[in-house]
Amino acid sequence: MPDFLSRMADWHDSDQAAYELAVTLGALPPGAFAEHKWLFWTGNPLGDGLRQALLALTTAGLLDHDADGDRFRRREEAR
């Protein structure tokens, strides 16, 4: 399975980006996004924590965040 930054080469909506991070961390199984989509659309500790982690990775310079489209991708410099 490719690593998180490899999978984030293209833009992902915030819910898909959070799911990719959750899979990488072993918190959710791969290939089951539709079953767990609700986690990213409701206020709950896992979904909220994953979003905060994505924003922290943006601050750290590993991800780009398009706030208008609420999407994330790997920064070119993070290759």
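Things worth noting here:
- Residue match in segment 9-26 (condition: touching a strand residue (DSSP E or B) at 6+ places or on another chain (Cβ under 8 Å), free of Cβ contacts under 8 Å to residues at least 24 places away in the same chain and of a type in the set (A, V, I, L, M, F, W, C)): no
- Among the residues making up segment 27-78, those that are touching a residue at least 40 places away in the same chain (Cβ under 8 Å) and out of contact with any Lys or Arg (no Cβ under 9 Å at 6 or more places or on another chain) are 54, 69, 70, 71, 72, 73, 78.
Since every read-out is calculated from the coordinates, none of them should be taken as a lab result. Model, not experiment: these values are computed from the prediction. As a convention, Cβ positions derive from the backbone with ideal geometry for all residues, glycine included, and neighbour counts pool all protein chains shown.
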